[in-house]
């Protein structure tokens, strides 16, 4: 238990960032299947930033704050650009969202894998050092006993992700901007008639959402994989799970916290139980997807208004079509 | 927050109609542009390799007879999967799950070919595997459909999740079957159970079956009552109801076809090409096939064109990467195909919409009635 929970928390942060970012995007009415690609591009951005920083600084002068901020800026810029591309194609050029999303995933995964492999070949020995420093936000966590080992050993990203998910939730419920964005996602035509700039909201929501997804990619590289570039190869698997977490949490970002933690636990359970790559260990991986399917069915069967996706999800808005 | 009012110097209007020739000119330009950009990207990765890229495409795809059949097989996988999703998309049913449906076909075929007792004659085993994989694909497609019909469950997300269930089932199967935790499925060696070669020519059964079903799908969609019903349903489900089409039955029937074809493709991938099972056997090609079907407007003839282009890029780019010694060449074709599809998607905008530039005079005269000529 003491070893399982910290590992689950690390995986949780990746899922929360991905799912929260995707929630922001989907609340604006975009079914973004490009999330796995965007997350991979974010991971690439983090790798570029970390390489630039760690390669130019002697090992003993690496500063934790800068080692987080520099790659984070890069991850956000890279993922934001991917989000901008998605938005340009879907909002301005009105292309089908599923198609653009899937092709962005194809492109993003190929593109990022390609460059990450190059960076992995010329990785500097300072980068794992930087990764190690990021691992724990509270270096003295062990003093708090088992509780500290379990819950205080996380990185900056672990706690930041929880905070962010709650903040985003509040933003949606309590602020005018959040309300407007929900209106844009539910019924863009009415929102437009009410004087909300649909195009601007969709652009901003998608770009900010993509940046958050990009931070998920960053967390994957620097925290989950301890800054090892060569191990960064299955970000897209996490991205796809994020799409299902959004459904499981019924488009509420604070619910992504427990859901992500549960999926993080499931992720780590086979290894912790010593099942390894055996049939049962592999089979546990099915559970998140089965759970998603069950939730999809239940929410549609009881047609609960609280669990429905945004009504305008997946539909582009063009004024002349009304 | 008051959004700033930006006055763009152009405006976008939907085209009322566009001639086929004009649409294909736009698409042709975008395809050429995509190929040029691919070459430029290749040059960026490896300076001075602009022409090598195209040389690699040609040599890697058409250099030897062997390459040509490799290429045809590569195209066949994309084409057959695209053909599988086409009828579903025609009625606006977003079957993203073709990847999983094909994977189920792969799993069943691999298990049956490997584990059937050797006393049973080869052709019989192949027929059993074929039936099992087609049925498996159908079941995988029909589960989301039933819930779509009954509860109107979102089929895009449902079929997407079914993909991962199938992929993990493949991993589970491999873990069960593989001896001693090697995590690799044993190679099926009995030649009487495989349909890879006829004589010395590789992959002929795969290619023939694909061509057959592409032609059949073309006539099914164009010339039969069933195909017409699909088009009506895709255009307007209410119109379909008024003329007496039963949408639920059509949906059920079409998804049986769609899933069955995907299962058939899975069968062919194992029995006609790879002779083994791995988690990445379909390897995202189901998603690419969805894109190809969309780019081809769900018309088998156009889909064949785009599937061929993607197949050529897939094989040619991989060959080029080896030719010009790009590092991490495994992923190069992914970059190129992603770029290609993104650029061609943009062309659809120019086919459907018109960009009119506003001149200053026009802005003023816009509101005035037109002068009589």
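Read the figures in this text as sums done on the coordinates, not as results from a lab. This is a predicted model, so every value here is computed, not measured. Neighbour counts are summed over all protein chains in view; Cβ atoms, including those assigned to glycine, are modelled from backbone coordinates with ideal geometry.
Sort B:297, B:248, A:30 so that the residue with the fewest other Cβ atoms within 10 Å of its own Cβ comes first and the one with the most comes last.
Least crowded to most crowded, the residues run B:248, B:297, A:30.
Using the count of nearby Cβ atoms within 10 Å as a rough guide to exposure, how do A:253, A:300 rank from fewest to most?
A:300, A:253
Express the relative contact order of chain B as a whole percentage, based on alpha carbon pairs under 8 Å and six or more residues apart in sequence.
About 34 percent, as a whole number.
Taking the 0 to 90 degree range and rounding to the nearest ten, how far is the long axis of helix B:50-62 tilted relative to the main principal axis of chain B, both from C-alpha atoms?
With rounding to tens, the tilt is 50 degrees.
Helix B:122-151: angle to the longest alpha-carbon principal axis of chain B, degrees 0 to 90, nearest 10?
40 degrees
Provide Rg over Rh for segment A:11-116; use the alpha carbon set for both Rg and the Kirkwood Rh (inverse mean inverse pair distance).
Value, to two decimals: 1.05.
For segment B:1-142, what number results from the quotient of the Cα radius of gyration and 2.2 N^0.38 Å?
My calculation over the Cα atoms of segment B:1-142 gives 1.64.
Kindly provide the pair-distance distribution of segment A:57-206 built from C-alpha pairs, with 5 Å bins from 0 and whole-percent values in order of increasing distance.
2, 7, 10, 13, 14, 15, 13, 11, 8, 5, 2, 0
Relative to the compact globular guide of 2.2 N^0.38 Å, what is the alpha carbon radius of gyration of segment B:93-182, as a ratio?
For segment B:93-182, the normalised Cα radius of gyration is 1.25.
If you average the C-alpha positions of segment B:230-288 and of segment B:10-84 separately, how far apart do those two centres end up, in angstrom?
Rounded to whole Å, the Cα centres lie 25 Å apart.
How many partner chain Cβ atoms sit within 10 Å of a residue's Cβ in peptide A:197-206, on average, as a whole number?
2
List the pair-distance distribution P(r) of chain A, using every Cα-Cα distance, as the percent of pairs falling in each 10 Å bin from 0 up to the bin containing the longest distance, rounded to whole percents.
It works out to 6, 27, 34, 23, 9, 2, 0, in whole percents.
Can you give the direction-averaged projected area of the convex hull of the alpha-carbon atoms in segment A:194-235, in nm²?
It is 3.6 nm².
Obtain the radius of gyration and the Kirkwood radius of segment B:297-340 from its C-alpha atoms and give Rg over Rh.
That ratio equals 1.11.
Quick one: compute the contact order of segment B:164-231, relative version, from alpha carbon pairs under 8 angstrom and 6+ residues apart, as a percent.
After rounding, I find 11 percent.
What's the whole-number percent of alpha carbon pairs in chain B lying beyond 27 angstrom?
For chain B, the fraction of Cα-Cα distances above 27 Å is 56 percent.
Over segment A:179-322, what is the mean sequence separation of C-alpha contacts under 8 Å (at least six apart), divided by residue count, expressed as relative contact order in percent?
28 percent
Counting other beta carbons within 10 Å of each Cβ, put A:12, B:103 in order, fewest first.
If I rank by nearby Cβ atoms, fewest first, I get A:12, B:103.
Angle check, please: helix A:35-55 long axis (alpha carbons) against the longest principal axis of chain A (alpha carbons), in degrees 0 to 90, nearest 10.
Once rounded, one gets 40 degrees.
Based only on the alpha carbon positions, what is the Kirkwood hydrodynamic radius of the protein assembly as shown, in angstrom?
26.6 Å
What are the semi-axes of the equivalent ellipsoid for segment B:224-337, taken as the square roots of 5 times the Cα gyration tensor eigenvalues, largest first, in whole Å?
Result for segment B:224-337: semi-axes of 37, 17, 11 Å.
Roughly how crowded by other chains is peptide B:339-352, in terms of the mean Cβ count from those chains within 10 Å of each of its Cβ atoms?
That average works out to 4.
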